[in-house]
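Take a look at the structure set out below.
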Ligand SMILES: [Zn+2]
């Protein structure tokens, strides 16, 4: 797989479908619509809605992780991280900045600014359950080791950025 950005999904007129570079089916949905779904679910289901977003995020994160895992065979970890950072930014998921990475203890800190899920949202608690699950699923596949993520700061609370702490068992890392 090339380390260049592999392009946005393109409209396939024959299929009448928006298709990604690996044949995935896509749909363009506004961030506003996502936030409304999120809000409506929370109103109906309370904290139970978080589980829906977390589990969904983890599931699609694993799918992406399987797609990108071959990069880990040929590229340094920081290059893979940078490639993914650029890719998700272009898809509109906000600006990711990596903080410390400690391969020995198995910990990575990163921030997300201007995340579409919490843009303009105010909350007393972190809201980014989808991102948290997604990152866990993605990195678990990339590292071949179960990862756990915590959102330790959220733009919905502090008005500025989200911060995630990702941990994995470095003993069994491939
Ligand atoms: Zn957040």
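Could you go through the range 105-112 and let me know if any residue there is on the phi > 0 side of the Ramachandran plot, surrounded by 12 or more Cβ atoms within 10 Å (Cβ to Cβ) and under 13 Å from the mean Cα position of the chain (by Cα). For the range 105-112, residues on the phi > 0 side of the Ramachandran plot, surrounded by 12 or more Cβ atoms within 10 Å (Cβ to Cβ) and under 13 Å from the mean Cα position of the chain (by Cα): absent.
To keep it simple, each residue is scored yes or no on (1) free of Cβ contacts under 8 Å to residues at least 24 places away in the same chain; (2) within 19 Å of residue 117 (Cα to Cα); (3) touching a helix residue (DSSP H, G or I) at 6+ places or on another chain (Cβ under 6 Å); (4) surrounded by 14 or more Cβ atoms within 10 Å (Cβ to Cβ).
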{"position": "41", "(1), (2), (3), (4)": "yes, yes, yes, yes"}
{"position": "48", "(1), (2), (3), (4)": "yes, yes, no, no"}
{"position": "57", "(1), (2), (3), (4)": "no, yes, yes, yes"}
{"position": "79", "(1), (2), (3), (4)": "no, no, no, no"}
{"position": "87", "(1), (2), (3), (4)": "no, yes, no, yes"}
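Here is a check on your reading of the model: is residue 83 modelled with pLDDT under 95 and buried (at least 17 other Cβ atoms within 10 Å of the Cβ)? Can you show your working first?
Numbers: modelled with pLDDT under 95: yes; buried (at least 17 other Cβ atoms within 10 Å of the Cβ): yes.
For residue 83, the condition - modelled with pLDDT under 95 and buried (at least 17 other Cβ atoms within 10 Å of the Cβ) - is met.
Taken as a whole, the structure places residue 96 among residues that are without any contact (Cβ under 8 Å) to a residue 60 or more places away in the chain, within 28 Å of residue 49 (Cβ to Cβ), within 14 Å of the ligand (Cβ to nearest atom) and surrounded by 17 or more Cβ atoms within 10 Å (Cβ to Cβ).
Count of the range 53-79 residues, restricted to those that are assigned to a helix (DSSP H, G or I), closer than 20 Å to residue 133 by Cβ and more than 12 Å from the chain's Cα centre (by Cα), is 4.
The values are calculated or read from the model by the stated rules, or taken from the named source; none is laboratory data. All values derive from a computational prediction rather than experimental measurement. Glycine also receives a Cβ, built like all others from the backbone with ideal geometry; neighbour counts cover every protein chain displayed.
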